[in-house]
Amino acid sequence: MPISLHHIVIDAHNLPALARFWAEVLRWRILSEREREVVIGPDETAPVGICFMPVTDRKVVKNRLHLDLTSAAEDREAEIERILALGARRADVGQTGNESWTVLADPEGNEFCVVRPKETLIGWSKSGDGATVAFCPW
């Protein structure tokens with residue numbers, strides 16, 4: 001069997017609270033909740049989930065890896081407001097204000113982006129197999 005992505009792991013101080021925040025943002029479910037690990041996903045058969053693991057140290061720099069979320073173009077602003085109401089905050093990582101994405105941070109300060117849907121982006125690049133690639137390049 002070839003290697004595959006199983007979980008994205010996010011360090012957390014308050015595992016249950018951060019897992020519930022992300023489950024609400026993504027409209028996913030808590031799949032497993034233990035003292036030192038909480039896993040969320042769309043369902044038990046999903047190929048990838050998010051796992052929250054405990055840490056004691058504080059986050060001090062911008063993430064080296066972040067999540068990009070998207071929605072339908074007509075729902076984007078409402079989704080950003082919904083996520084802010086769940087406990088996210090706007091984050092400044094040096095953006096100019098002309099980006100096609102909005103940078104937010106979860107309740108523990110982990111940055112993530114809400115990007116425009118791929119079909120609305122200008123300046124798409126084509127990968128070698130002809131697939132369209134859109135990304136948040138910060």
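Beta-bridge orientation, the chain: approximately 65 percent antiparallel, per DSSP, counting only bridges with both partners inside.
The charge dipole of the chain, taken about its Cα centre with unit charges on the Cβ atoms of Lys, Arg (+1), Asp and Glu (-1) only, comes to about 240 debye. So what's the angle, to the nearest 10 degrees on a 0 to 90 scale, between helix 76-86 and the longest Cα principal axis of the chain? So the inclination is approximately 20 degrees.
Taking the Cα atoms of the range 62-101, the ratio Rg/Rh between the radius of gyration and the Kirkwood radius comes to 0.96. Judged by the ratio a/c of the largest to the smallest principal axis of the C-alpha gyration tensor, the range 42-118 counts as oblate, that ratio being 1.5 or greater while a/b is no larger than b/c. Between helix 15-26 and the chain there is an angle of about 30 degrees, using the helix long axis and the longest principal axis of the Cα atoms. Considering only Cα atoms, the convex hull volume of the range 1-40 works out to 91 Å³ per residue.
For the chain, the Kirkwood radius over C-alpha pairs fed into Stokes-Einstein at 25 °C and 0.890 mPa s yields D = 150 µm² per second. Computed 3J(HN,Hα) for the range 29-44, one whole-Hz value per residue from the Karplus formula 6.51 cos²θ - 1.76 cosθ + 1.60 where θ = phi - 60°, is 10, 6, 9, 8, 9, 10, 4, 10, 6, 10, 10, 10, x, x, 6, 5, glycine and proline marked x.
Every read-out reported here was derived from the displayed coordinates using simple, explicitly stated rules and does not represent laboratory data. Only a predicted model underlies this, so the values are computations on that prediction, with no experimental measurement involved. Counting neighbours? That spans all protein chains shown, and the Cβs are built from the backbone with ideal geometry, glycine included.
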